[in-house]
């Protein structure tokens, strides 16, 4: 199978494809403009308020940042350990349940039984309002929960690596991928066993938590703002770690060319350990933030998000941390703005379709094979 | 020459048969494959009897029915996946989606245009529906395969998973249902799903499928085993009739795949799985062959979807066609050892009975024995500091534990026995016997 | 070990018989094969292989930079050059693994630039790999039986349909027979039922060449067939190559070992920095100052 040769065939094949995608994109933009202007010509146009578009975009950015944050870890394990980690989504759930357990413990200590708090309301009958976790009323609890989500998930990810993946270090990517499906089952259903299977509310509601940005017609929720700040903060920390520290350099080298990195004496196992701690921790943090956004929690929400996270990582180009973030934003915005054109039943399908189109037309991602740098 | 062939024997791995008694041993090996499958079923039946004999014959036969049905449908799905993954190394984790396409298409084609309830269909005969179901699964497989098979294996995995989810989300969507009704006059039923056409096997036992009016054949069977004789309920007996049909399909799948495997086509697949560049350099059109095998596999998955879910009265997209279903099938193939058809059948049976149904039944039986209130939550069970209460909680919540067990087994197999139960048997990829030199070849000495 | 080694013509005859008896070339590409059969024995005007102005760049690196040469009908041509001279890339461009950036490849006068490897193999140009790529989970016999062109049973429908499978089995018997004869020729018949993964390095090289011959090629490109092969086996391999050449096969041989090339090839092409530095007989090359310089530059 001629690599170069096929890439030329591919690009020849891709050009009509790209053209089609560009045409479709153009058409959607024209339609969007027409809708905003309130024009309607046949199937094109209609009515769409700038406010609605604005809030769609804002929601897309918030979801996108959470997905992008989760994507960083997935992208790192993909490039450094060379396998698609199907248990990554369940790390999000791990972080969410453990982190919110801690946040509840701090927020509701004394008023509500401890076992109801630690089990995120699986035990007992306290309502989310009685626990009262909210960034405005209990900021310390919410932030401590975020830290706990990062730390506990990092530990779980590391434990999974030692138990499940380390013995398979030299195996092919597909074998490890299958093992990761096994790991995903173990984690997801351990969560179900411990925390129960019902979907339940987590955050309390607080008066005046919406901040209105008048001129843009945007109404921004305090939790959304928290998510944006936390996600961007973690991403910046990640950026400095990669660019400024020895560990970051080693990680980039490993992601770029594993064999070469090993030859030059990079301590592979230490880099792998760091990858799990950081990637797992970020996954846990993003799972925690996702619950902050949605306000509810369920044992398998991370697994259901996994495909969206994969979509983000693939869109950004596997192996690139910045690509994962950018991919997350694109996926988030596709997810929320697609409802302008299609029924909301399909917004997830639209995100997957974008991912599949990307894989078929440009498998190297938006930024074409630039790895973690 | 004799020297040469006997030295070949010595070097040959143990699973190769010595030439002297080839024919006899070959027969024995063939018998033992069938024996293995039947023996496994026997063990399963024994366990089922032990679990339910106290409740009477009807319960025993009923449990055996459930286990056999699941074992056979998983065997079918595992065989179809084995063709793609075991033979050609194509990592398709969209199995659930292709099964959904098959059964939904069949339902839409066969359902009455003017049903009493549920979405309308085209009202065509069942065979047309089955063919259409396989065709749609094959066409979607083709559309996916044409570009996606050029991708790396893990990308193919993600694309197929994405397709399977897109299929499920479409079937789930009421907007899509409405769209179909407006444009084609048929529907999917959205999240509520759709009722399946009557199983023709039922007509074999009952006139027009009406419970009160058995056919001559039905009369005979019900008379011998039925409520008035051995006490087995009619519905269980009819289900056994369908199980016979499923068994016939398992045999047909098996023969089909064995023939494919033992042919130059299978040889090329084996080569592609090992090294695409070599196959390519020897004049094999690798892309074309991969597309072919992917499409055949998808059509078979569509058929399995029909045979499995089409017989269950009602289908709905969630949770029936969640990706978990795909992973079940994968576990079945992996247990049996990818690449081995016998292994796939065996893996399907073992998965469905021992791993899927087993823990639930055992859990329920244990729960019956424990005399304690079930704590309302894990935290309460732990806080109670009472092992009995915890056991009561665990046995009442055996489903998640079962999934944890499945996950651990998957990891364990990948660690210790990546070839599965039977996977170390590498099957011959030729339409002729290769275990010894044909006598004609030695004349040039 | 069979004492009588059937010579190459036996193999070729057997091949012809298979062709005649079972219409082994009964495929879309049948026309090519029929022409090949004739061409193998009766040289046509155009050389079997001609490379013209071949250029291959990978990103900013130019691996092949305007290489041009011809391989004559029935010859054993050697291709040598210091490390990084572009020999392997040239090979990959000829066999379709890489698409050349510029330049052309002609097979018997026909422009075949950029054809996929499988099309090249079907036309009659087959290659072996520098590091043997045996299919380790298949037996030696299966490895060989994979290779022949025009196998009826490669059609999934024929392979499973009861009425059509008879032809498949018949053809399989002929292919199996031919595979055994080829194994005899390379004296690895005692390994027939062995999984290829259990073979020694040298045996794998023999297997690769045997497998390549099973495709019924006209031109065989050998990528360092002697690397890692012990001297006894090396002798055997070279002996087989010479026998096959006398029977009309054309060989292009890349080899790192200068002596092997000088002693065996009647025509030698020297590549350096991506282009052809010198061409000629072994003696001419040996005394070519540019060649000495190029190699000295490397050996220091």
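The values are calculated or read from the model by the stated rules, or taken from the named source; none is laboratory data. Since this is a predicted model, take the numbers as computed values, not measurements. Cβ coordinates were reconstructed from backbone atoms using ideal geometry, including for glycine residues, and neighbour counts include every protein chain displayed.
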**Item:** Selected residue (only one of C:183, C:164, C:144 is more than 7 Å from every other protein chain (Cβ to nearest Cβ) and farther than 26 Å from residue C:249 by Cα)
**Value:** C:164
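Table: residues versus (1) in contact (Cβ under 8 Å) with a residue 12 or more places away in the chain; (2) assigned to a helix (DSSP H, G or I); (3) under 29 Å from residue C:49 (Cα atoms).
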site: C:153; (1), (2), (3): yes, yes, no
site: C:167; (1), (2), (3): yes, yes, no
site: C:173; (1), (2), (3): no, yes, no
site: C:178; (1), (2), (3): yes, yes, yes
site: C:187; (1), (2), (3): yes, no, no
site: C:208; (1), (2), (3): yes, yes, yes
site: C:212; (1), (2), (3): yes, yes, yes
site: C:221; (1), (2), (3): yes, no, yes
**Request:** Sort out which residues of the stretch A:307-346 are within 9 Å of another protein chain (Cβ to nearest Cβ) and in contact with a helix residue (DSSP H, G or I) (Cβ under 7 Å, 6 or more places away or on another chain), and write them in order of number.
**Result:** A:307, A:310, A:311, A:314, A:318, A:342, A:343, A:345, A:346
**Any helices (runs of 4 or more DSSP H) falling wholly within the stretch B:74-174 and containing at least 1 residues that are farther than 20 Å from residue B:333 by Cβ and without any contact (Cβ under 8 Å) to a residue 12 or more places away in the chain** = B:126-148, B:153-172
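From B:323, B:319, B:359, which residue is modelled with pLDDT under 95, within 14 Å of another protein chain (Cβ to nearest Cβ) and within 12 Å of residue B:99 (Cα to Cα)?
Every option except B:323 fails the conditions.
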**Request:** Being outside any helix (DSSP H, G or I), at pLDDT 85 or above and more than 7 Å from every other protein chain (Cβ to nearest Cβ) is the filter here, so list the residues in the stretch A:173-219 that pass it.
**Result:** A:197, A:198, A:199, A:200, A:201, A:202, A:203, A:204
**For residue B:345: the one exception among (1) under 21 Å from residue B:269 (Cα atoms); (2) surrounded by fewer than 24 Cβ atoms within 10 Å (Cβ to Cβ); (3) more than 14 Å from chain C (Cβ to nearest Cβ)** = (2)
**Request:** Mind listing whichever residues of the stretch A:102-134 are in contact (Cβ under 8 Å) with a residue 40 or more places away in the chain, part of a loop (DSSP other than H, G, I, E, B) and crowded, with 21+ Cβ neighbours inside 10 Å?
**Result:** A:119, A:120, A:121, A:122, A:133, A:134
**Message:** Out of the residues in the stretch C:265-284 meeting the condition of being at pLDDT 85 or above and touching a helix residue (DSSP H, G or I) at 6+ places or on another chain (Cβ under 6 Å), tell me which one is farthest from residue C:88 (Cα to Cα).
**Reply:** C:278
**Complete:** The lone condition residue A:160 fails out of (1) within 12 Å of chain B (Cβ to nearest Cβ); (2) surrounded by fewer than 15 Cβ atoms within 10 Å (Cβ to Cβ); (3) assigned to a helix (DSSP H, G or I) is (2)
**Asked** Quick check: anything in the stretch C:110-130 within 14 Å of the chain's Cα centre (by Cα), more than 10 Å from every other protein chain (Cβ to nearest Cβ) and assigned to a loop (DSSP other than H, G, I, E, B)?
**Response** yes
**Message:** I'd like the residue in the stretch C:188-203 that is out of contact with any helix residue (DSSP H, G or I) (no Cβ under 7 Å at 6 or more places or on another chain) and more than 8 Å from every other protein chain (Cβ to nearest Cβ) and, out of all such residues, is nearest to residue C:141 (Cα to Cα).
**Reply:** C:197
**Complete:** Flagged pairs (Cβ under 6 angstrom, 6 or more apart or on separate chains; first in the stretch B:404-432, at positive phi; second at pLDDT 85 or above and crowded, with 21+ Cβ neighbours inside 10 Å) are B:420/B:334; B:420/B:335; B:420/B:336; B:420/B:343
**Message:** If residue C:242 satisfies all but one of (1) at pLDDT below 90; (2) part of a helix (DSSP H, G or I), what's the number of the condition it fails?
**Reply:** (1)
**Item:** Unmet requirement for residue B:249, which otherwise passes all of (1) farther than 30 Å from residue C:157 by Cα; (2) modelled with pLDDT of 90 or more; (3) out of contact with any strand residue (DSSP E or B) (no Cβ under 7 Å at 6 or more places or on another chain)
**Value:** (1)
**Prompt:** Counting only residues that are surrounded by 22 or more Cβ atoms within 10 Å (Cβ to Cβ) and out of contact with any helix residue (DSSP H, G or I) (no Cβ under 6 Å at 6 or more places or on another chain), which one in the stretch C:252-264 is farthest from residue C:91 (Cα to Cα)?
**Reply:** C:261
**Prompt:** away from chain A (no Cβ under 14 Å) and touching a helix residue (DSSP H, G or I) at 6+ places or on another chain (Cβ under 7 Å): does that describe residue B:229?
**Reply:** yes
**Fill in**
Expected single match for crowded, with 23+ Cβ neighbours inside 10 Å, within 11 Å of another protein chain (Cβ to nearest Cβ) and not in a helix (DSSP H, G or I) among B:339, B:407 is B:339
**Item:** helices (runs of 4 or more DSSP H) within the stretch B:193-283 that include 3 or more residues surrounded by fewer than 20 Cβ atoms within 10 Å (Cβ to Cβ)
**Value:** B:200-205, B:216-225, B:234-261
**Fill in**
Here the residues within the stretch B:362-391 that are within 14 Å of chain A (Cβ to nearest Cβ) and not in a loop (DSSP other than H, G, I, E, B) are B:363, B:378, B:379, B:380, B:381, B:382, B:383, B:389, B:390, B:391
**Request:** Identify, from the list B:95, B:159, B:103, the residue that is touching a strand residue (DSSP E or B) at 6+ places or on another chain (Cβ under 6 Å), buried (at least 24 other Cβ atoms within 10 Å of the Cβ) and closer than 25 Å to residue A:352 by Cα.
**Result:** B:103
**Item:** Of residues in the stretch C:147-157 being more than 7 Å from chain B (Cβ to nearest Cβ) and crowded, with 20+ Cβ neighbours inside 10 Å, the one farthest from the chain's Cα centre (by Cα)
**Value:** C:152
**Fill in**
Within the stretch A:68-124, the residues that are on the phi > 0 side of the Ramachandran plot and within 13 Å of chain B (Cβ to nearest Cβ) are A:82, A:120, A:121, A:124
**Asked** What number of residues within the stretch A:137-161 satisfy the criterion of being over 21 Å from the mean Cα position of the chain (by Cα) and at pLDDT below 95?
**Response** 5
**Per-region count, the stretch B:243-287, residues over 19 Å from residue C:172 (Cβ atoms) and within 7 Å of another protein chain (Cβ to nearest Cβ)** = 9
